[in-house]
Amino acid sequence: MRLINLETLKLESFIGYGKIPSYAILSHTWGPDEVTYADMTTKSRDELEAKAGYQKIVKFGQFVRDRDAPRTPVRIPRCAEDRRVDRKNAVMWPSAYRPTHVWVDTCCIDKSSSSELSEAINSMFVWYQEAVFCVAILEDYEHPGGESSSQYRPSDDAFIQCRWFTRGWTLQELLAPGRLFFVDKHWVFLGPRPEVLEPVSVASGIDKMYLQNGSWQKANIAKRLSWAAKRETTRPEDLAYCLLGVFGVHMPLLYGEGGHSAFIRLQEEIIKEFDDHSLFAWGRRNHAKTGPWNESPNVVLGAFASHPSQFQGLDNMQTYSGDEEEPHTVTNKGIRIRLPIVKVEGKTIAILRCHTSDPLGGFMGIYIEPCHLKPGVYCRSSSTPALACVSDNVAQSAETKLIFLLKKTTPAHESIETMESISKVSISVHNCDYSIVSATPEELWDTRYGTLRLQRGRLTATALMSMDRLNKPGRQQGSGKEYFVLLLRVDPSSRWGFPDVGLVAWRRAGKAKTRDLERCHLSNQDSVRPHTAQLRLKGRVMRTLTARIGIELVGGTRTYVVSLTRE
């Protein structure tokens, strides 16, 4: 760690935890004329003094020497043998609290060294925690009463709108220090954090309870990320890197990877340390029917958010522990997680271990659908990406399943699997009063486009389609219990080079279930034929249903097309 000696104003290096002297630390927003490590090591004192950034360091040192730790919430008894007196603020200070050095981020890090910069950023939160105190200078704020109004406590709009509260790096500088003091642009003392709690809470968007005594560590993931929702950094990657200490995680810095990739990597590290479903609870809440969320229709939504702003407004999110403590993990297929799954109005909701503290309440869930880019994986619904509020009654009917969630939002045109390993099947119905009501494997069926993806590369791969008659005007709901199954089989050894097809009649009193369809397929494997299959449907009028399969180019992609026709 590199520190500035208060007596000489020169840099000194310290290696080893027990060898670091007591120091104060500066929290500020960077200006155009800051002093760098190269400046401190190569320029003369006269050259340094011409820079505004150096004058900031000089005044910081004077502030520390003159005041030590002004108006600390920890009062020192007057009977203490070793003490100093801040006469202006009538506070007693032991000399042990007097820092001999200071740390300023502009010049105490050699940013030309990527390894040193990475080490500093991964250690910075701890450095702020271990400082004797931290001074936050609000360089765009001026104390209204000057030195004469020592009892003034800022609460005006100018204080709340300070740039310091909008920067990404200052979030950890607000949370980490045990003692934090605010000063204005002229180094006029405004007060310690406990005495300016109300305006600081309003300006930062952080509840007062999390700004006291290190209580921020009790906040769940969604809350902590919501604190960064409106903050900005100069480099896009820094919006992820500045949050490392807030979650107590570490990762290498890769400037140039982009803010999206950096934020995804941050969430991958968070998921290793926290069993907290609020990480997936980003997006707005959907208590009633609303329009699509403001997200590009040309993307497939992953489970991880792309930016902290997607957690905005989730500061009232509450989490709880579940009965099953099976960990969720990140794999090369996606996020492996066990969640209660329920269907509401035809939409699939994965229920998270989260709820809100507002009157509407309810369990929080995410709308999911099979990912057409990656078979066997679910993604967040792009048509309904809002969070779902699930009532207790609905939640009780959910079935817990082990699923894989797509990790990150991906452009819809990107194929995660090549067409050599995936076959796309389009199902179309012509002149027929039947509709598709379910499909297996469910995760391979895309309800939006009526397409199915079949895995190849195995001796056989199967998929089943369940059909049901459409209800016509005047027909009683639920009538027409004639179910039949469309069987598809991909066999690389087939001389036809595309899936075989079969039709099986199946009468049931209720809706087809996945397990029943699988049994049906196993007992009717001999029914599949190349090219065409026919099925005679009994009833008042004999009907023939024909399934034909062929190869067509759909959107420039080779696609297997199954056409169902009543003859």
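Numbers for the structure displayed
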item	result
Residue list for region 175-193, filter: in a helix (DSSP H, G or I) and closer than 22 Å to residue 62 by Cα	193
Residues located in region 381-398, provided they are more than 14 Å from residue 281 (Cα to Cα) and either not assigned by TED's automatic domain parsing to the domain that holds residue 362 or not in a helix (DSSP H, G or I) (or both)	382, 383, 391, 397, 398
Residue 188 being hydrophobic (A, V, I, L, M, F, W, C), assigned by TED's automatic domain parsing to the domain that holds residue 59, more than 20 Å from residue 128 (Cα to Cα) and touching a residue at least 40 places away in the same chain (Cβ under 8 Å)	yes
Unique residue being out of contact with any strand residue (DSSP E or B) (no Cβ under 7 Å at 6 or more places or on another chain) and not assigned by TED's automatic domain parsing to the domain that holds residue 110 when the list is 222, 158, 229, 203	229
Single residue of 25, 57 found to be in a helix (DSSP H, G or I), modelled with pLDDT of 95 or more and crowded, with 17+ Cβ neighbours inside 10 Å	57
Any hit, region 133-154, residues being in contact with a Phe, Trp or Tyr (Cβ under 6 Å, 6 or more places away or on another chain), modelled with pLDDT under 90 and either surrounded by fewer than 14 Cβ atoms within 10 Å (Cβ to Cβ) or part of a loop (DSSP other than H, G, I, E, B) (or both)	yes
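The values are calculated or read from the model by the stated rules, or taken from the named source; none is laboratory data. Quantities reported herein were computed from a predicted structural model and do not represent experimental measurements. When we count neighbours, we look across all protein chains shown, and the Cβ atoms used for this are built from the backbone with ideal geometry, even at glycine.
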